[in-house]
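Right, one structure below, let's go through it.
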Amino acid sequence: MIQALLVAAVLGGSPAGDEVKVTPREIDDLLPNPGMGWQTFHRFADADPNLAGLPSSSAYFRFYWSEIEPEEGKVDFAKLDGHLAGARKAGQKLAFRVMCAGTSEAYLYVPRWLLEKGCPGFEYRYARSGPLHWVPDMDSPRFLEPHLRLIAALGKRYDGHPDLDLVDIGSVGLWGEWHMSDTGVALPKPETRRAIIDAWLAAFPSTPKVMLIGDDAGMRHAVEKGAGWRADCLGDLGGFSKTWNHMEHFYRQALEKAGAREAWEAAPVAFESCWDMRKWKSEGWDIRYIFDYALDLHASYLNNKSAPLPEGTRGEVERFLRKLGYRLVLREARLPREAAAGSALEVHLLFENVGVAPPCRDYRVALRLRARTAGRSAASAEGTSIEGWKPGKVAAKEKVELPPDFPPGPCELALAVVDPATRVPAVRLAIAGRADDGWYPLEKVEVRSR
């Protein structure tokens with residue numbers, strides 16, 4: 001129990017007015033908190049041996065349109081429901097992107113019925129070699145109407161779903177990356193790209209969203225409407241060219257062009273490794289520098305493609321994960337030693353976010369006062385929201401209302417950060433003393449009769 005690790009100080013006054021200060025002990029455990037962390041890729045945590053014990057609360061998947069609407073108007077919700085259930089079973093939430101163009105062996109990445117109904121399009125070979133592919137003309141109403149209908153259907157069913165973590169705004173370009181490099185095919189018009197972005201934003205108002213950097217005007221529009229951003233080649237320090245790389249010559253410049261440098265304050269930042277960490281090590285690139293670069297840009301996620309960690313890098317990964325996203329420490333709680341039935345127990349709290357980004361979900365600080373003898377409790381689960389808590393210290397004041405008939409005697413005051421929809425603890429704090437039910441016991445409080 002935490003009180004064994006506390007410093008208690010009486011601040012003066014009569015016994016009924018005495019106040020105790022609780023200072024929990026900070027821990028350095030890796031915490032599997034929602035809305036952040038080390039993402040698995042096209043697999044769930046319980047089927048990813050390359051996690052090797054690292055916590056992961058997010059499973060990232062990409063789907064081609066052809067996979068999820070093989071028949072017009074019949075979205076394969078069972079497929080997506082299965083992925084959401086798989087994420088829940090693994091202790092994760094699902095992040096996803098929908099794509100319309102690729103470079104594998106397939107000719108089509110959109111449903112065949114779209115082509116058969118007369119949607120115009122373009123054939124291409126990636127890098128002028130390999131198999132022939134077809135991409136729809138996204139400026140055509142014959143593409144836009146059914147595609148926007150698909151997006152709306154996905155949002156109607158899944159926005160706010162408890163097992164949905166993140167929506168990656170895709171649709172346009174190779175792999176949904178907002179470019180058609182080395183294909184000879186032009187991107188759709190800016191107004192078309194904006195219409196697709198708006199459709200995703202409108203369909204998922206309650207779900208955190210990101211968009212890949214690269215389409216400057218499109219990303220500026222998405223960020224202005226509340227989206228975060230994603231970058232998919234973290235670690236490139238010269239793998240494509242000796243004179244150009246993503247980290248020195250692209251990311252920060254693209255953020256400036258899109259006006260997205262401050263987007264992290266209200267929405268997630270997600271990275272995907274370039275190749276994977278094995279390439280970083282084989283090239284002799286400075287892994288700490290790469291991780292610190294991501295932290296400096298206030299990252300909340302990193303997807304290493306579920307690849308193995310190179311030998312000797314585990315310590316750097318763990319150091320990174322202790323700073324990635326948000327990490328909340330309860331520094332201090334001040335509360336009275338006694339409370340009267342029929343009154344409110346007021347508790348002053350001081351938290352510190354020692355991570356690099358804010359939480360982007362509306363989880364709430366909750367208190368619970370439990371009578372040890374009678375087993376009764378009074379809890380406040382609708383307290384201060386942690387959403388938007390940027391790095392640094394945050395003060396909060398919470399109350400527990402005691403009913404007039406609350407039994408007198410010694411009680412235990414506990415704290416948790418809960419999902420307001422379920423009132424179940426959802427976020428782990430970086431302090432010692434977490435109980436099996438997810439609550440953190442703070443101190444004893446004597447309840448007096450009214």
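Taking the DSSP bridge list for the chain and keeping only pairs wholly inside it, about 60 percent are antiparallel. For residue 399, a cut-off of 26 angstrom between C-alpha atoms picks up these lysines, skipping any fewer than 8 places away in its own chain: 21, 390, 444. Absence of a disulfide-compatible partner, taken as no other cysteine beta carbon within less than 4.7 angstrom, is noted in the chain for 100, 119, 360, 411. A quarter of the convex hull surface defined by the alpha-carbon atoms of the range 133-227 gives 6.1 nm² as the mean projection. Mean Kyte-Doolittle hydropathy of -1.0 or higher plus an axial Cα length of 24 Å or more: which whole DSSP H helices in the chain meet both? In the chain, the long hydrophobic H runs are 141-158.
Charge dipole (Cα centre; +1 on Lys/Arg Cβ, -1 on Asp/Glu Cβ; no other charges) of the range 331-450 amounts to roughly 140 debye.
Label the range 222-328 by shape, choosing from rounded, prolate and oblate, from the square roots a ≥ b ≥ c of the eigenvalues of the Cα gyration tensor; if a/c is under 1.5 it is rounded, and otherwise prolate applies when a/b is larger than b/c, oblate when it is not. Write out the running numbers ahead of the final one.
On the way: a/c = 2.24, a/b = 1.30, b/c = 1.72.
Verdict is oblate for the range 222-328.
Among 107, 363, 301, sorting on how many other beta-carbon atoms sit within 10 Å of each Cβ, with the fewest leading, yields 107, 363, 301.
Across the chain, the mean sequence separation of Cα contacts (distance under 8 Å, 6 or more residues apart), normalised by length, yields a relative contact order of 16 percent.
Placing dummy labels 7 Å off each Cα toward the beta-carbon, the span from residue 123 to residue 42 is 2.7 nm.
Excluding same-chain neighbours fewer than eight residues apart, the lysines reachable from residue 79 by a Cα-Cα span under 17 Å are 89, 93, 156.
Cβ crowding within 10 Å, taken as a proxy for footprinting-reagent exposure, orders 229, 244, 178 from fewest neighbours to most as 244, 178, 229.
Extension gain, residue 74 to residue 104, is 8.3 nm, computed as 0.36 nm per intervening residue step minus the present C-alpha separation. Of the residues 341, 237, 96, the one whose Cα sits farthest towards the positive end of the charge dipole of the chain is 341 (charges of +1 on Lys and Arg Cβ, -1 on Asp and Glu Cβ, taken about the Cα centre). Helices in the chain, meaning DSSP H runs of at least 4 residues, each add -39500 (n - 2.57). Divided by all residues, the mean residue ellipticity at 222 nm is -6500 deg cm²/dmol.
Only beta bridges with both residues in the range 28-141 are counted; by DSSP, about 40 percent of them are antiparallel. Three principal axis extents of the range 27-66 based on alpha-carbon atoms, in descending order, are 47, 22, 10 Å. Based on C-alpha pairs under 8 angstrom that are at least 6 apart in sequence, the range 62-219 has a relative contact order of 24 percent.
Assuming a viscosity of 1.567 mPa s and a temperature of 4 °C, what translational diffusion coefficient in µm² per second does Stokes-Einstein assign to the chain, Rh being the Kirkwood radius over Cα pairs? So the translational diffusion coefficient is about 54 µm²/s.
When you restrict to C-alpha pairs under 8 Å that are six or more residues apart and normalise by the size of the range 155-285, the relative contact order lands at 23 percent. Among 243, 313, the ranking by other beta carbons within 10 Å of each residue's beta carbon, starting with the fewest, stands as 243, 313. Hey, can you grab everything whose amide H is under 5 Å from the amide H of residue 447? Only 5+ residues off in sequence or another chain; H modelled, so Pro and N-termini drop out. Excluding prolines and chain starts, which carry no amide H, the hits are 339, 409, 411.
All of the numbers you see were taken from the coordinates with simple rules; none came from a lab. Please read all numbers here as calculations on a predicted model, not as lab measurements. Neighbour counts are summed over all protein chains in view; Cβ atoms, including those assigned to glycine, are modelled from backbone coordinates with ideal geometry.
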